Structures are given as C-alpha cells and as structure tokens.
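Undergrad: Dumping the structure here so I can ask a few things about it.
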Amino acid sequence: MENSQYKTLEIVQKPTNSRVFNLYMNRPKFRNALSRDFFSEFPRALSSLDQNPDVAVIILSGIGESFCSGIDLKTLTSIVAGLHADRGRTNERIRREIKAFQDAITAIEKCRKPVIAAIHGACVGGGVDIATACDMRFCTEDAFFSVKEVDLAITADLGTLQRLPSIVGHGNAMELALTGRRVSGLEAKQMGLVSSVFASKEALSNGVSAIAEVLRKLLATAANSQYDSANGEDCFNILSLANWFSNSDNSLELRVS
C-alpha cells in the first residue's frame, strides 16, 4: 500500500501474505502529536483500508516512544487564532474545525473492519480519544493514560467524554476527566480501559498480532454480520459538543486567558 501520500502515517501489511494491516502514527520526534495533516490523512487512510478487500483487521499503534501525546500545540494555537475578531465568523470556523477533528476520530468507529489499539508509552489527550474509539485496546506495562485537557483548561471535545463512561464506568470516567491524573497500564487493565497488558513493546506487538490473526480467521460471513450489528454507526453524539463548544463564552476564551 502506497505510503508516500501520508506525512503522518505509515501502513504496513504484517506478515506480507496476511490480511492484517498495521496503521502507524508516524511523528516520532513529536511523540506522535496530532497535527492538521494527521486529521486530514487519518480518515482517508482508514477509508482506504476499509474499502480494501484484502484487509480484514487493522492494528493501530505509534512509531517511536509513544502511542500519542495528544494534539500538538501549533494546531491548538491555530484553532484559537483570531478569537477576538468577528465573533460570528470565528465561532463558525471553530465549529467547523472541531467537527472535522471529531469526524477524523469517529472514522475509527465507522470503519467496517475491526480496529485494535496497541498502546505503549504516552496515551494522552487526543490519544485517549483515538484509543477509546477503537474496538479493542491492549497496552504495555509502561504505558500511561491521561485525559490531559483539564490541565490546559480545555474540554476533551473529540469524543473521550462520550466514549469513556461506557468503557470504564461513569465514576471512573468522571474522575479521570476532572483530575487529569496519570493511569498506568496495570490500572487501565483493572478499570477495563484495556483488555490485556504486555511486558514490553515487542511482546505487545507479538501478542496483538496473534489476536488479530485469530480475528482474521473468525471473520467469516456470520462473524462480519455480528460485528456490524454490534458496531452501529450512531454510537456517540459528539456533534452537539462541537456546536456548544464553538458558541460558549466560557470555552475558548478560557484557553487563551
């Protein structure tokens, strides 16, 4: 599969004769922080994999030391640029941008192929948005998770607040969202955020590849029908959050105060 069209992603078929494809976030120098290019490329890459009949299972992970360190600061800064200009036009621009970012993450849920998150190192902010949208999550012992937005006086507006409660329970989700505290891989397993914890990045890669291979073998017609039924498109209503966020007097102005 052609990778030259992507600046922030890499797609690899492993092994080359399998129907398991690895989708890597590929900005290791920035700990895979999410840029505008990522939000443009990610749904396109997922759509390409979804429509490819040779793809049965997708493994999503990060190259380098981290899974994902969240949205990069340049992207956040560009969103609030011109905040005090024409209020109506600025709010509409912000709404469109947040909606586009939300859609990029929601593309994981809309993908008809199972998407497995293989998480190592930091999974922070936007990384949690991505991980919680995946069908399955596995991590290393040294992985850590944080709904970091609260420390920046911003809202986790790309889907974490909608997805996390159904994964870890309302109380755990509220605590993580309101404190922004760091959760270890082992604690993530205890609260149900991940299914299993592996000792190392290599063990994670091997273990998740084995799980993906089992899924590939099981994805006959009956299994596909069951997967489609369990993964309805209208899982989360996050569009309303984009509309609220772009029009709130107490949202973006808090970000730049």
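The values are calculated or read from the model by the stated rules, or taken from the named source; none is laboratory data. Here the structure is a predicted model, which is why all the values come from computation and not from measurement. Note that each Cβ is placed from the backbone with ideal geometry, even for glycine, and that neighbours are counted across all protein chains shown.
Undergrad: For region 1-41, name all the residues that are within 18 Å of Met136 (Cα to Cα) and either touching a Cys at 6+ places or on another chain (Cβ under 9 Å) or not basic (Lys, Arg) (or both).
TA: Passing the criteria: Val20, Phe21, Asn22, Leu23, Tyr24, Met25.
Undergrad: Let me ask you something else. Return yes or no: is Ser4 free of Cβ contacts under 8 Å to residues at least 24 places away in the same chain and not aromatic (Phe, Trp, Tyr)?
TA: yes
Undergrad: Say whether the condition of being surrounded by fewer than 18 Cβ atoms within 10 Å (Cβ to Cβ), at pLDDT below 95 and part of a helix (DSSP H, G or I) is met by at least one residue in region 53-72.
TA: no
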